[in-house]
Every structure is written in C-alpha cells, then in structure tokens.
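Scroll down for the structure; my scribbles are underneath it.
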C-alpha cells in the first residue's frame, strides 16, 4: 500500500459515483443537462419581490446570512458530485424573495433563513406565523414585505403564532415584536400563541441538551462546510442555517385543545399535533382564505423521525394520524397548503386534488415506514436489518415532495424500532457493550494489524465499497488518531458517499466527517450570547425549570458527599406579605423543598410545616447559581445555610465547554 495514494485534498466524483447518479437520474426521468421538476417550478411561483444573492448583517456588521456562495445553482446542468434529486432541492431553496400564497391575504418571505416567515392579513393588520431562526432574518422579512406591498406591516402586527418548539421557528421573535409590546389583546398588546407544553419542550431541547445538540448540528447542517458542488448544497428544509441571533420572548397564550379563535376579526382554527415533528406542535386553518398551515408536519420532503443532531424520537403513528385528521377535517375546504419550510402546494383547474393528495401521500409515507418496521421487528429483524430492507412502494417513491431531502427511510425506520423496542436488539453482547474505542481495538487486533485493515480498506475504496472502506478505516482512526492513511481513506470514502446521497443530512454529515478527518477536529468556543439564544432562554426559565437545570449543570461527583435539605422560598420584595426577607416583609410566590442528596438535586414543589433551614430569593434568583454568578449576586439571597449555596456554586461547570467535542475520532 503506497502512502502517496492517500492525500488530504478533496477528490472529484469517482466513475462509480458518477454512474450511480446517472442511474438515479434515468430512474426518475431527470435530464442532467437541464435538471428540473414540478417542485422547482412551485418554488419559483408567485414571487412578487425576488432576491438574488442576498446578505444579512447583525448589529456588529458581521454577515449572518449570505446566499451568494450558492450561486452555482444558476447552472442548468447538475454537478456530478451532487445527487440530481438533491441538486433540485437545493436549486429550489436557492430561490428567494417575497411570495404571495393567497392573493392579497397571505404572504411568505423565503430564502433568508432555513425557515420561512409567513404573514396573514387580519381585519386591521397582520398575523405572523413562525418567525425564523434569528432576529436579523425576521426583521428583514417584515421590511421586505413592507417594500413589496408598499404598506406598513410592523406597527400593525396583531398576533404571532409559533407552531412548535424548535429554535428556527421562535428564534426571530425580537425581530418582529418588542418584548414590552407583548401581552394580551384586551390590554392593547400583541399575543403570542403556542401549543401547550411549548415552553417545557423548548427548554429541554435548547437548554437541557442544548450544548451537545448545537455541536452535533454542525454535521446535520454542514455548519463547517463551504457551499459548493463539493460542499454543502442544501439543508433539505431550506438552503442553510443562519448564524444570527436567536431570541426568545415568553408566550402569552397556550393552546391546550383544538379550538377556534378570532384574532383581529380573522377566524383561526387550531389543530394540536403533539408528538409529531415536535413534542409540542400545532397546525392552523384559515376558513376565510381556504388555506391550511401545516406547520412542519408537511414540508415538501420526507422529514426526520430522529434528527442526527439528537432530539426526542418523533412518533410516526401520531404524525400520520394527525395528518390524516387534517386531510379529513380540512382537505375539501382547502385550496392551498403552506408551511414553515419550503413552498406551498395549491389546487389548480387541471388538478383540483393537489392539497388532498399532498396530505394523503405525506401521511402514507410515515404510516408505511411505521407499519413495515413493526412487521419486520415482530418476525425477528433488527433495526439495522429493517433499515436496509424497507423500500417505499413505487407510487410513494415517485412523489417528489416525499423524497428524503431531510429525513430518510433508513433512519426513520430505526427511529420507529427504537421508539417501540429501544436501542437494545436482544443480543446479550449489547447488554454491556464495548465502547467505540474498545470495539475498534478489538477489530484491529483480530485483523492482525492496522496495516492489514487499511490494505483491505484501500481495496474496498478502489472497488466502490465505500461504506466498508469508511468503517474499517475509521476503526484504525479510533485506535490511532494520528494515522494519516486511515484518516484519508475514511475521508475519501465519506466523500464519495456524500456525492451520491439524496439526503442533505447524509451529505452534510459525510462531508463534515471527511473535513475533520483531513484537517483535524477543530476546537472552538461558542460566543455566549450568540446563535444559541442561551441568555434569553435561561432568563425565562421558571423556578422549577431552573432547579432541573441546576441538576444538569452541576458535577455530581463534586456533590457526592453532600446531604442537605432546605426550604427554597421565592419572594416578591415589592409586595408586603408574611415572610421576612432582608429585614422587611415580603410576599411568598413559590416554595420548594430542595434536597441536595449525594450528587443529585431533588426537589418537591410546595409548602412544608417541617422545620428546615431556608434560602429566600426573588423570582428566578436561583439562576445566578446556574450561570455561575453567585459570587457577584449573593446579596439577593437571604439564608441561614450559605454553605450549601457555596457548594452548589463550586459544583456548577461551564456546560458550553462540555458541548465542544470531536465527533469523528476518540474523545480526548
């Protein structure tokens, strides 16, 4: 094996990869010289203000969105390093501007973010549906609509609906409304409507598991990749992610059941869809406009039942069922279905059943994957075997808006298996499994040497067995991270897998892995107030959520010997009451019994007559410990056991540092 064969440079598509992409194009009737389909045409339809190579800047003048590097999509011919179907998806998402969904009534601004911002005309103003990922995108969306229509929008916003608890749908809220103007309409304020459980699920995903999830998301969305025909070309649901400022305002109205609400003279129906694309999610129907808002339950692509950034498993049974309910409830009353990503689908004189077909086909794909997974599991197939076996029926397979640009059948079937049966496959070897590094060492030891493994991996790479080559070479990387031959073979194999992947997520992950193998794992510290919205989100935690988070951000080993119970009394110093706080009377707003018990933070929400030491603090004052600000803020605490607060403060770790780790080689 000659070392000169393996270099760190990116490679072109191999002949085998080119052939695979040509065969795909032939199967789906695509011309590689002028690649187009009906979804691309829909993406271009009804644009009233077109944007080309648009940039957005934050308050520091830094670019947070730039579509110019994706200008390669102006070419008619598909690149041979991109799956032709994914090429079409990226080309469609490169389209940007202000679009009319329902004439004079509903508009979307697309192509400023991975998500859309949508505006629905009410009697005297506007209702905003989802607000994109960041304040810069949302603010620009409002301004662009004003320019396109020649009328005021920002000062006539009558309400905001946020469909679900993912950051790319609520993060731009402060670009749309000012926090001081948010409240109940009877008070002359702007209400924010969300599904029940929204705040809990937002915190669990973006705060409790946030650092790990944000870090892993760079593989899902290609955060470290350069756009290009050998780089990232799409995120499936949009062109790419922004690097703008995620913001948060506490919602005012939580929808707990299917209901109809009149918002500034416009009747809006709410359909709750829990445990679908998000644990807390809802659709909306606008009967006056015969328009159905599908949130992120229908998005012109197969979606994820499990996103590789990490998140709760979605329930495919709920997903298809609520989509079928929407079909029966709204299908025949709807002329257009639109959503928070990608483009609308509308009935036409030539095809008056577009909306019903769109909902039905979407529901059918999730149900097919669900049912086939369980059928095969019940006759003994493992999750990996099922993922390899399931193929959609030809009718569903050839529907462009259910192609796997974002989710994939393979990972979705594994998610169904895991939701019902868990990660364990029944084999006792998996009860106490080897770690990734231990497994790699075993593989290499049994093969005889790293050289023998790499010799076979190189042969597999040459013959087009890219998955085998990548896996074998990666074992050597885990045994010896400095082995350049191993890194370059795995990188070359990942790259070829990326070039033929129809899923944007798979492409981005493969290319991100190849990049890190060639260049090394980069260690960068995330700016604290940037992108993640950490400050806004943590600042809005309830006291109960703050106690939950305190348990996560403390190193349990540093509290392993601690056994201390106390009353945590949340006071309002501005209101007179029956408790003494700092020498004055204050009102009690909440009480907890907190037990720091051998590495855990247990608590009970409620009052006790039992005599216990006390900690009195104003609302959300416990966050000063969570944020490691106790030393500077100790004056807000009134306590007879200051030592427990000192212990907690000493045990809190910088969780953002913990969210910065290698994904392609052993953790140091």
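So the values come out like this:
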read-out	value
Segment residue 468-residue 71, extension gain: residue separation times 0.36 nm, minus the distance between their alpha carbons	139.5 nm
Relative packing of peptides 480-489, 141-150 - highest average C-beta neighbours within 10 Å first	480-489, 141-150
Difference of contour (0.36 nm per residue) and Cα-Cα distance, residue 187 to residue 34	49.5 nm
Stretchable slack from residue 667 to residue 351, in nm (0.36 nm times residue separation minus alpha-carbon distance)	108.3 nm
Contact order relative to length of the chain, as percent, for alpha carbon pairs under 8 angstrom and 6 or more apart	12 percent
Anisotropy class of the range 46-395 from Cα gyration tensor, a/c 1.5 cut	rounded
Whole-angstrom gap from the range 628-656 to the range 107-138, using each part's C-alpha centre	41 Å
Simple label model, 7 Å out from Cα along Cβ direction - residue 196 to residue 641, nm	3.6 nm
Order of 298, 47, 134 under a 10 Å beta carbon neighbour criterion, fewest first	47, 298, 134
Over the range 46-395, relative contact order from alpha-carbon pairs under 8 Å, at least 6 apart, %	15 percent
Approximate spin-label separation residue 431-residue 267, in nm, with each point projected 7 Å along Cα-to-Cβ	6.2 nm
Ranked list, fewest to most other Cβ atoms within 10 Å of each Cβ, for 35, 7, 118, 124	124, 7, 35, 118
Separation between Cα centres of the range 139-213 and the range 433-475, rounded to whole Å	49 Å
Mean-position separation - Cα centroids, the range 571-617 and the range 331-402, in angstrom	52 Å
Proxy reagent accessibility, fewest Cβ within 10 Å first, across 435, 382, 247, 276	435, 382, 247, 276
Normalised contact order of the range 586-645, rounded percent, pairs of Cα under 8 Å and 6 or more residues apart	28 percent
Where labels lie 7 Å past Cα in the beta-carbon direction, separation of residue 634 and residue 60 in nm	3.3 nm
Relative packing of 88-94, 368-374, which averages over residues the other C-beta atoms within 10 Å, highest first	88-94, 368-374
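Only the coordinates and a few stated rules stand behind these numbers; no lab work does. Just so it is clear, the model here is predicted, and its values are computed rather than measured. Virtual Cβ from ideal backbone geometry, glycine too; neighbours counted across all protein chains shown.
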